[in-house]
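Taking it in order: structure first as structure tokens, then the write-up.
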Amino acid sequence: MAATRVIEDFELPAELEAHEPPEARGLRRDEVRLMVSNLDTGSIEHARFADLPRWLSPGDLLVVNTSATVNAALPARTADGRPFELHLSTRLPGGLWSVELRQLADKAASAPFLEALAGTDLLLPAGGHVTLLAPYPFVDSLASRSRLWVAAVTLPEAAATYLERHGHPIRYNYVPRSWPIQMYQTVFATEAGSAEMPSAGRPFTTELVTGLVSRGIEIAPLVLHTGVASLESHEPPYEEYYRVPRHTAARVNAVKRAGGRVIAVGTTVVRALETVTDAAGETSPGEGWTELVITPDRALRSVTGLITGLHEPGATHLTLLERVVAAGSGDGVSAAYHVERAYAEARRQGYLWHEFGDSHLINPAR
């Protein structure tokens, strides 16, 4: 298969950023827009997410992430009283965490604080305490301008209870006001652990899921707890916890053997499934922390289609989209071109980006 290239960087105008949930714009969750990349014909169609069943067939398998979003943002201050916002990203082996420290502006976390040093202590509400230990992923401990840190986090109670009481959902400047945690949950959410919402599943509703299942479209779960701003701006890989159940692995294998289509709901699902799928395409159950990132020279082994949001310029996820196009069409040469064309079309049509934005179905050939 010919190597693909990452699509060209593009400008994302502020008016294409989703500043609020669709419900605040008078829409149901499943009324966000859906751009469909048809890989059998190369065509691009436009619809609403509620129209998704039009492109799915009995025997197709949707794999979904059942991780629930937590209140991962906490107020923090240094011993001399300087205020920050601390984002708890991923609980690491050994009881440590990866964290991000952000500066505050207009009551929102404006930008990563890149001048932190190893040994920095931070005070959290109700006696919580954090010590930054080393830049993360693990690099030279003297390195400067690190966005993520491995940290020792001491809390007065269980993390889930503490975050429920003292935290709030992570919010960036493009969302000008706060929203309750329910706005950051998907219909599939059952197990708390994601710092940021696995947002590809957000447009699904109970009614839509019921309709899909009644048409013979299978849905299988897995868990991947997302960290902060997952792998944007060509950052190196870092670990996220995943668990692929035995039943889900078995269904993926059975559908592929039957010639069916395996469609991931979100890049998090692709990351988890690819971690436990071998070079022969056999998916196994598994659990642990994965550092896997899909690169232009690695073919996908587990999925042929994808439902996802729209990704920012420079995001490493854009490479993953190219690999999905290549897997779903069998044409590695045109993958980058197709993603580039779809993203240009999304900008022309006024699609909205980010977690409260619109959706993109990469619809594999049958």
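The values are calculated or read from the model by the stated rules, or taken from the named source; none is laboratory data. Being a predicted model, the structure only gives us computed values, none of them experimental. FYI the Cβ positions are ideal-geometry reconstructions off the backbone, even for glycines, and counts take in every protein chain you see.
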With respect to P245, is the statement that it is under 30 Å from T295 (Cα atoms), touching a residue at least 24 places away in the same chain (Cβ under 8 Å) and surrounded by fewer than 19 Cβ atoms within 10 Å (Cβ to Cβ) true?
-> yes
Residue in region 250-272 that is within 22 Å of L27 (Cα to Cα), surrounded by 14 or more Cβ atoms within 10 Å (Cβ to Cβ) and not β-branched (V, I, T) present = yes
Expected output for region 275-290 (first residue in the same structural domain as H247 (by TED's automatic domain parsing) and among the small types (G, A, S), partner assigned to a loop (DSSP other than H, G, I, E, B) and surrounded by fewer than 14 Cβ atoms within 10 Å (Cβ to Cβ), Cβ below 7 Å, 6+ apart or cross-chain) is none
Looking only at region 47-76, count how many residues are part of a strand (DSSP E or B) and either modelled with pLDDT under 95 or buried (at least 19 other Cβ atoms within 10 Å of the Cβ) (or both).
-> 11
From Y343, Y337, residue being aromatic (F, W, Y) and either assigned to a strand (DSSP E or B) or surrounded by fewer than 21 Cβ atoms within 10 Å (Cβ to Cβ) (or both) | Y337
Please state which one of Y351, Y343, Y337 is free of Cβ contacts under 8 Å to residues at least 12 places away in the same chain, over 16 Å from L61 (Cβ atoms) and in the same structural domain as H19 (by TED's automatic domain parsing).
-> Y337
Please identify the pairs in which a residue from region 197-223 that is within 16 Å of A254 (Cβ to Cβ) has its Cβ atom under 7 Å from the Cβ atom of a residue that is assigned to a strand (DSSP E or B) and basic (K, R), counting only partners at least 6 apart or on another chain.
-> L222/R243
Quick check: anything in region 297-304 surrounded by 17 or more Cβ atoms within 10 Å (Cβ to Cβ) and either among the aromatic types (F, W, Y) or more than 23 Å from A220 (Cβ to Cβ) (or both)?
-> no
Conditions: (1) of a type in the set (A, V, I, L, M); (2) outside the structural domain of F188 (by TED's automatic domain parsing); (3) in contact with a Lys or Arg (Cβ under 8 Å, 6 or more places away or on another chain); (4) crowded, with 19+ Cβ neighbours inside 10 Å. L114 meets all but one. Number of the miss?
-> (4)
Being among the small types (G, A, S) and part of a loop (DSSP other than H, G, I, E, B) is the filter; apply it to region 156-168 and report the residue that is surrounded by the most Cβ atoms within 10 Å (Cβ to Cβ).
-> G167
Evaluate the following for T90: is it outside the structural domain of T268 (by TED's automatic domain parsing), touching a residue at least 24 places away in the same chain (Cβ under 8 Å) and within 20 Å of the chain's Cα centre (by Cα)?
-> yes
